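The values are calculated or read from the model by the stated rules, or taken from the named source; none is laboratory data. Bear in mind that the values here come from a model prediction, so they are computed numbers and not experimental data. Glycine gets a Cβ as well: all are built from the backbone with ideal geometry, and neighbour counts include every protein chain shown. SASA here: full protein model, heavy atoms, side chains in, ligands and nucleic acids out. Shrake-Rupley method; radii C 1.70, N 1.55, O 1.52, S 1.80 Å.
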Amino acid sequence: MRPLPLHLSPLAAALWLASPLSQAVELQPQVITANPLGSTQLASPSSVLEGDALTFEQKGSLGETLNNQPGVASTWFGPGASRPVIRGLDGDRIRILRNGVGALDASSLSYDHAVPLDPVTVERVEIIRGPAALLYGGNAIGGVVNTFDNRIPDSPIEGIHGAGELRYGGADTTRSSAGKLEVGDGRFALHLDANSRQFNDLRIPGYARSSKVRDADNVGDRKRLENSDGRQDGGAIGGSYNWDHGYAGLSYSRYDSNYGSVAEPGVRLDMQQDHYAFASELRDLDGPFSAVKFDAGYTDYQHREMESGEVHTTFKNKGYEARVEARHQPLGPVEGVIGAQVSRNEFSALGEEAFVPHTNTDSLAVFMLEQWQATERLNLSLGARLEHTRVDPDSKGSERFAEADSASSFNAASLSSGAVYQFTPIWSLAANLGYTERAPTFYELYANGAHVATGTYEVGDPDLNKEKAISSDLALRFDNGTHKGSVGVFYSHFRNYIGLIGSGNLREGHDHGHDHDHDHDHDHGDVPEYLYQGVRARFYGIEAQDRWKLLENRYGSFALELSGDYTRAKNLDTGEDLPRIAPLRLNSGLVWELERWQARVDVQHASAQHRKPANETSTDGYTTLGASVGYRFDIGESQWLAFVRGENLTDQTVRYASSILRDIAPAPGRSVEVGLRTTF
């Protein structure tokens, strides 16, 4: 548990921290993902979710947990799998990190592949909206989501501390329990945690299939989303040794889950991940560097896609990633870090529905970030990164992957500059300008087969070039004591955006006796062909938030939190809009707090989304109502939080434009969840 503002009750602080405003403005100085120099003025648009705030926003998947944050949407593949979308960019353009290091999985390959992480184990989430490729590679061309779990304690622990949580309810009748224990003597520290979550088929307001794809012969389920149940289990052990000028430690974690694919009745995904990590930092050094930080992780991941108890396809991904950052001594008014990163992953898919070949991907990168406090009001930053990537496929004798027998190599470069200017104590302006390159992934290069989960036949292009983008951000921030927030715009121009574009042709797909295709009806198992192609593309939009202190009297304090975001994305080669872009979204929350009590009412609105390619379906707008109430109390030396949270209380049909399953898997209907959390 981290310290909270003293003038708020703990629950008030939790909800206050959860607001988009507080994440983007008040907590920005804490964000280390965007700037390891620890600057109190960050040019990058960023958000933080931690502590009780994370408890209130927590869902079973990372994408849903972050879905209400500014500029962040969800891929929503049912309660079992959901990945964050940032400003319309998803998949391999969003880098998901664990304590600053990538943990390998297969979630960017397909929307039905879950991120192997239960948010209940996370103590803090940092979100960088916009390109963060400078520090974390071309795969962060759209943004970064970095999770922290303290499984390797990076500061001394004295005595015994811990936390526990129970929750029940929600539209999928979640039963969740989690606990952690940390023990230390000021030098040695030990961390243990475990978690378990079970959930039933999701309750939905009406039919699973929308009227756009529903007919009299194919009505589909009503009130329940078939095959959406599952479980998640995990645990970890870690330890560290702390001394006056640094620490070093190791950890091991295990994740195990089994959940249904809502796109394929009867198909289940059985997933396991083992992750080993090492972290160390040396501080207060003499010589050219004042501090050196080293992080490394090794991951062994696999999941099996099963139907009627038989394994049809097995996906495996194992490999490592390591990075070192060295902070140099100040050079006059200039501070900075230089670093290097190396990674390797070995991916394989075996079975009927393997649409990509066995592939090894290796990368090596060097980077630097410098910061200059030019004047009392002006802070400047400049950085660069060079990255070499080699993608080496092996067809294993398969004729389908005959073109995947020669390796591809790419050299990618990124440059970034930022500035924060403080006009007055109330107003400041933050600006970013960057050039980013991303090497294509193995599936963009070599895919060739039916992708049953998305109802398409995907074909890669071994001759693809690097993805290149010029991106900019401009944000006006304000804080006059009554209003606190920001208004920002962003713009990205891609010279070679690698998109999955429909060719208009049909290809023969797998047919296991049920309909895998969501937007089309084809005989004999035929599915539409989609090609990975490089096109020119443009993304732009706006994000705004404000926290307005209304009044404070003997009946409590009242505040109104407002936020909104809007993204447009276009294929400049064809003039069509790009698919799966969230529409205009507006959020408002009225917060009341008095001593140990707080209540909150939220109204969220999303407009209809009709800006989409010709072969995609549109989504209707919706407005949802949510509410929560909580009470904080103490028992002995332990602190307790009891809460009740209701979502979509008017039971509206919600279909996310950012989800490929928008027409067969709506978001949850009316739900009420109760929870109890303790720390000691």
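Among rounded, prolate and oblate, which fits segment 296-391 when a ≥ b ≥ c are the square roots of the eigenvalues of its C-alpha gyration tensor, a/c under 1.5 means rounded, and a/b larger than b/c means prolate? Note, shape of segment 296-391 comes out prolate.
For a Förster distance of 25 Å, can you work out the FRET efficiency between the beta-carbons of Glu552 and Tyr491, rounded to the nearest 0.05? The calculated FRET efficiency here is 0.05.
Within straight-line reach of Lys212, meaning a Cα separation under 22 Å, sit the following lysines at least 8 residues removed in sequence or on another chain: Lys223, Lys612. With the highest mean first, a sort of the peptides 407-419, 110-122 on other beta-carbon atoms found within 10 angstrom per residue produces 110-122, 407-419.
Judged by the gyration tensor of its Cα atoms, with axes a ≥ b ≥ c, the chain is rounded; a/c sits under the 1.5 cut.
As a rough guide to protection, the peptides 85-93, 233-241 ranked by mean Cβ packing within 10 Å, highest first, stand as 85-93, 233-241.
Could you tell me which of rounded, prolate or oblate describes segment 85-230, using a ≥ b ≥ c as the square roots of the eigenvalues of the alpha-carbon gyration tensor, with rounded for a/c under 1.5 and, failing that, prolate when a/b is larger than b/c and oblate otherwise? Oblate is the answer for segment 85-230, as a/c is 1.5 or above yet b/c matches or exceeds a/b. Taking GluC sites (Glu not before Pro) in DSSP loop conformation with at most 12 other Cβ atoms inside 10 Å as exposed sites, the chain has its longest uninterrupted site-free stretch at 1-375.
Placing unit charges on the Cβ atoms of the charged side chains and taking the dipole of the chain about its Cα centre, the candidate lying farthest along the positive direction among Ala178, Ala374, Tyr241 is Ala374. Which parts of segment 150-171 would a label at Val672 reach, counting a residue when its backbone N lies under 15 Å from a point 7 Å out along Cα-to-Cβ? In segment 150-171, the label zone of Val672 (backbone N under 15 Å from the point 7 Å along Cα→Cβ) covers 168-171. Please give the solvent-accessible surface of Ser395 in Å², to the nearest 10, using a probe radius of 1.4 Å with every protein chain present. Number for this one is 10 Å². Taking packing as the residue-averaged number of other Cβ atoms within 10 angstrom, the listed peptides 71-83, 656-668, 184-196 run from highest to lowest as 71-83, 656-668, 184-196. Taking Cβ atoms as reference points and 15 Å as the exclusive limit, the residues near Leu584 contribute a net charge of +1, counting Lys and Arg as +1 and Asp and Glu as -1. Considering only DSSP beta bridges whose two residues both sit in segment 82-181, what percent are antiparallel, to the nearest 5? The answer is about 75 percent antiparallel. If only the Cβ of Lys and Arg carry +1 and only the Cβ of Asp and Glu carry -1, the dipole of segment 197-330 around its Cα centre is close to 480 debye. Computed with a 1.4 Å probe over protein heavy atoms only, the accessible area of Ile96 comes to about 30 Å².
Straight Cα distances below 18 angstrom link Lys468 to the lysines Lys570, with same-chain residues fewer than 8 positions distant left out. Taking the helices alone, the chain has a mean residue ellipticity at 222 nm of -1000 deg cm²/dmol, built from -39,500 (n - 2.57) per DSSP H run of at least 4 residues and averaged over all its residues.
Does anything in segment 247-285 have its amide N under 15 Å from the 7 Å Cα→Cβ label point of Tyr241, and if so which residues? Counting only backbone N, you get 247-251, 279-282. Relative contact order for the chain: what is it in percent, counting Cα pairs under 8 Å that are at least 6 residues apart? After rounding, I find 12 percent. Along the axis of the charge dipole computed for segment 324-464 (Cβ charges of +1 for Lys and Arg, -1 for Asp and Glu, origin at the Cα centre), the listed residues Pro357, His451, Ser416 are led at the positive end by Ser416. When the Cα positions of Ser492, Val391, Leu560 are compared along the charge dipole of the chain, Leu560 comes out farthest toward the positive end, with charges on each C-beta of Lys, Arg, Asp and Glu. Report in % the part of the accessible area of the chain that belongs to carbon and sulfur, leaving out ligands and nucleic acids; probe 1.4 Å. Answer for the chain: carbon and sulfur cover 55 percent of the accessible area.
Between His610 and Asp634, the simple spin-label model (points 7 angstrom out along Cα→Cβ) gives 5.9 nm. Normalising the average separation of contacting C-alpha pairs (under 8 angstrom, six or more residues apart) by the number of residues puts the relative contact order of segment 432-477 at 51 percent.
Sequence-distant contacts, meaning Cα pairs under 8 Å at least 6 residues apart, place the relative contact order of segment 178-273 at 25 percent.
Among His358, His275, His245, the order of accessible area from largest down is His245, His358, His275, computed with a 1.4 Å probe on protein heavy atoms.
Each Lys and Arg Cβ is given +1 and each Asp and Glu Cβ -1; about its Cα centre, the chain then shows a dipole of about 1920 debye.
Counting only heavy atoms of the protein chains and using a 1.4 Å probe, Tyr540 has close to 80 Å² of accessible surface.
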